[in-house]
Amino acid sequence: MPVGAVTLEDGAYDNMLALSDDGHHWRVRETCTEVRMENDMLVSTWSLWPDVSVRTWLFFDAEWQVRVHRLKTGRQLFSAEAGHAIPRLDLQIKAEEHYWQVDQGLAAVIHPDTAAGIVDPCAKRTGTIVVVTPNSNLLHPRTILPTLRGTHAPGVHWLVSLLPIPCSPSLFSKLLKPDAEMKIHRHPGHLALRLPGGQTAFFMDEAQTGENKDPESRPLVNDEQAPAISEETVDVCG
């Protein structure tokens, strides 16, 4: 629940992708130009500036919530994507920090009884913990947000985020590092995301759908049905 409209701390953007063109004033999705269910995915298209468009896919695979954003921008942008809010255990932030895990591609808070976090399997974005303004959450007076932050030059960027679903700290700790079977590849014309649960999702690019069409997704398929990933495939994490 935002208590202000400028900073990440006041915005308290729980489970949202926030964008900024100056690194200080942040904006989140306000309206969608399209929302639909497609192949067990929730797909939405939205824009915050005339030269910026975002297509977001949201779905679940095994023990992960998966978010894929295709960001097309005509300007440099800063991004901040948060996981679930988690209540603070102490009024003093310094007393909390030993519960935090932040690294390239990882932001997590693991308390004795609960946990929350977000993973970028490409490790393109930097993990941080946002200490949000008090009374910005309906359930807890003081919370913190595991967050991934990135900087994006003009062009097209694929942002992939994984959120472990179990809140048990013991299960959560095992899930923080995605399975070695996780693969993300950029083929000519589409992005292929092969998930630990043995499924593959395809996200079509403009080169495949035509310049005047939005990207489309293809069904999640079993690993045995997925097309072979050729040696010429460029890893989108590279």
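The values are calculated or read from the model by the stated rules, or taken from the named source; none is laboratory data. Bear in mind the structure is a predicted one, so any value in this text is a computation, not a measurement. Here the Cβ positions follow ideal geometry from the backbone for every residue, glycine too, while neighbour counts run over all protein chains shown.
Given the condition under 11 Å from the mean Cα position of the chain (by Cα) and over 21 Å from V6 (Cα atoms), answer yes or no: does some residue in the range 86-94 qualify? Give the derivation first.
Taking the range 86-94 and keeping what is under 11 Å from the mean Cα position of the chain (by Cα), we get none.
There is no residue in the range 86-94 that is under 11 Å from the mean Cα position of the chain (by Cα) and over 21 Å from V6 (Cα atoms).
Pairs needed: first member in the range 31-43, closer than 16 Å to F60 by Cα; second member anywhere, small (G, A, S) and surrounded by 14 or more Cβ atoms within 10 Å (Cβ to Cβ); C-beta distance under 7 Å; at least 6 residues apart or different chains.
E38/S217; N39/S217; M41/S217; V43/S217
Let's see how each residue does on (1) modelled with pLDDT under 55; (2) surrounded by 20 or more Cβ atoms within 10 Å (Cβ to Cβ); (3) not in a strand (DSSP E or B):
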residue	(1), (2), (3)
K174	no, no, yes
K177	no, no, yes
A180	yes, no, yes
A201	no, yes, no
N212	yes, no, yes
V221	yes, no, no
E231	yes, no, yes
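I'd like the residue in the range 66-105 that is among the hydrophobic types (A, V, I, L, M, F, W, C) and assigned to a helix (DSSP H, G or I) and, out of all such residues, is nearest to V132 (Cα to Cα). Outline the logic, then answer.
Let us first name the residues in the range 66-105 that are among the hydrophobic types (A, V, I, L, M, F, W, C), namely 66, 68, 71, 77-78, 80, 82, 85-86, 89, 91, 93, 95, 100, 102.
Right, trim to assigned to a helix (DSSP H, G or I) and you get 93, 95.
Working: I93: 11, A95: 16 Å.
The residue in question is I93.
Does R67 count as at pLDDT below 85 and either under 30 Å from S170 (Cα atoms) or of a type in the set (F, W, Y) (or both)? Reasoning before the result, please.
Numbers: at pLDDT below 85: no; either under 30 Å from S170 (Cα atoms) or of a type in the set (F, W, Y) (or both): yes.
Criteria not met by R67.
Kindly indicate whether S79 is surrounded by 13 or more Cβ atoms within 10 Å (Cβ to Cβ) and without any contact (Cβ under 8 Å) to a residue 24 or more places away in the chain.
Numbers: surrounded by 13 or more Cβ atoms within 10 Å (Cβ to Cβ): yes; without any contact (Cβ under 8 Å) to a residue 24 or more places away in the chain: no.
Here the answer is no, as S79 does not meet what is asked.
Any residue that is assigned to a loop (DSSP other than H, G, I, E, B) and touching a strand residue (DSSP E or B) at 6+ places or on another chain (Cβ under 9 Å) - is there at least one of those in the range 143-151?
To start, the set of residues in the range 143-151 that are assigned to a loop (DSSP other than H, G, I, E, B) comprises none.
Checked against the condition, which is being assigned to a loop (DSSP other than H, G, I, E, B) and touching a strand residue (DSSP E or B) at 6+ places or on another chain (Cβ under 9 Å), the range 143-151 yields no hits at all.
Do you know which residues across the range 49-65 are surrounded by 18 or more Cβ atoms within 10 Å (Cβ to Cβ) and either hydrophobic (A, V, I, L, M, F, W, C) or over 27 Å from V131 (Cβ atoms) (or both)? I'd like the intermediate steps shown before the answer.
Of the residues in the range 49-65, the ones surrounded by 18 or more Cβ atoms within 10 Å (Cβ to Cβ) are 52-57, 59, 61, 64.
Passing the criteria: V52, S53, V54, R55, W57, F59, D61, W64.
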